[in-house]
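**Student:** Please see the structure below; I have some questions.
The values are calculated or read from the model by the stated rules, or taken from the named source; none is laboratory data. In this text the structure is predicted, and so the values were computed from the model without any measurement. Here the Cβ positions follow ideal geometry from the backbone for every residue, glycine too, while neighbour counts run over all protein chains shown. Calculation scope for accessible area: heavy atoms of the full protein, side chains included, ligands and nucleic acids excluded. Shrake-Rupley method; radii C 1.70, N 1.55, O 1.52, S 1.80 Å.
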Amino acid sequence: MPRRSGNSLPSDAEAAREELMDAAESCFDKYGIGKTTMDDIAKMAGVSRPTVYRHFSDRDTLILAVVMRRSRQLIDRAQKFMRRQATFNDQLVEGLLFLVDKGRKDPFVSLLVSPESMDLANQILGASTAAVDLAYEMWEPILADARGRGELRADLDFRAIATWLTYLILLLVGRGDIEPDVSAQREMLRTFVAPAFAPTPAEPAPPSAARSTRATKRA
């Protein structure tokens, strides 16, 4: 166990950050993300405000750390869920629906991407690559396996895919009012999203080329 210091936080820096994030989550529950101050978090943790700033440079950094911690907890569950799907199309569509559902149910993620909190979301996520980094970590092994099976276009960059899927998930989580029906969401994803990842079927050889090939074989 880490040794406790006089400011009531563990002496281990990572453990101290975890306790401060726990305190921040409690404040978010009590006051809401937008109204929570660093003073509130310090009081909840039983430390001084300068102590909080020693571990997190500002409030946005702390909020992002909490949201990313909650999001990271989904990675293992989401990957296991996607691995149970039969095809990459199913992994993509059902995986997105899984993440959207969990994101809407998580009070911190849903608050951050709700329409009334979009200014806060843009302020925190807009200047950070953390959300895309997390998406890349989650999707990269799924994408690599799909490409190995020939189910994913060879020209697509995994990082670019993760970036685009991050935008899509944030939209779907934050604007459930656009299409709240899951069956309709599934149909839209299968119609407008999944085809963008599918390999292009090999084009048949022109008739003249085919005749030339046959003639060469006869010769």
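Results for (1) aromatic (Phe, Trp, Tyr); (2) out of contact with any Ser or Thr (no Cβ under 6 Å at 6 or more places or on another chain); (3) buried (at least 19 other Cβ atoms within 10 Å of the Cβ); (4) modelled with pLDDT under 95, shown as yes or no for each residue.
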site	(1), (2), (3), (4)
Lys105	no, yes, no, yes
Ser114	no, yes, no, yes
Ser117	no, yes, no, yes
Ala127	no, yes, no, yes
Trp139	yes, yes, yes, no
Ala146	no, yes, yes, no
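**Student:** Also, I was wondering about something else. How about segment 9-51: which of its residues are hydroxyl-bearing (Ser, Thr, Tyr), open to solvent by 10 Å² or more (accessible area, probe 1.4 Å) and outside any loop (DSSP other than H, G, I, E, B)?
**Tutor:** Result: Ser26, Tyr31.
**Student:** Related question: Tally up the residues in segment 67-78 that are crowded, with 17+ Cβ neighbours inside 10 Å and out of contact with any helix residue (DSSP H, G or I) (no Cβ under 8 Å at 6 or more places or on another chain), please.
**Tutor:** Taking segment 67-78 as the starting set, the residues that turn out to be crowded, with 17+ Cβ neighbours inside 10 Å are 67-68, 70-71, 74, 78.
From what is left, the residues that are out of contact with any helix residue (DSSP H, G or I) (no Cβ under 8 Å at 6 or more places or on another chain) are none.
Total satisfying the criteria: 0.
**Student:** Report yes if some residue within segment 52-66 is in contact with a Phe, Trp or Tyr (Cβ under 9 Å, 6 or more places away or on another chain), at pLDDT below 90, of a type in the set (Gly, Ala, Ser) and open to solvent by less than 30 Å² (accessible area, probe 1.4 Å); otherwise report no.
**Tutor:** Within segment 52-66, one or more residues are in contact with a Phe, Trp or Tyr (Cβ under 9 Å, 6 or more places away or on another chain), at pLDDT below 90, of a type in the set (Gly, Ala, Ser) and open to solvent by less than 30 Å² (accessible area, probe 1.4 Å).
**Student:** Can you name every residue in segment 167-198 that is open to solvent by 80 Å² or more (accessible area, probe 1.4 Å), touching a residue at least 40 places away in the same chain (Cβ under 8 Å) and part of a helix (DSSP H, G or I)?
**Tutor:** Hit for segment 167-198 is Arg190, nothing else.
One line per residue, one yes/no per condition, for (1) within 26 Å of the chain's Cα centre (by Cα); (2) touching a residue at least 24 places away in the same chain (Cβ under 8 Å):
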site	(1), (2)
Asp12	no, no
Arg17	yes, yes
Ala45	no, yes
Arg59	yes, no
Leu74	yes, yes
Ala86	yes, no
Gly95	yes, yes
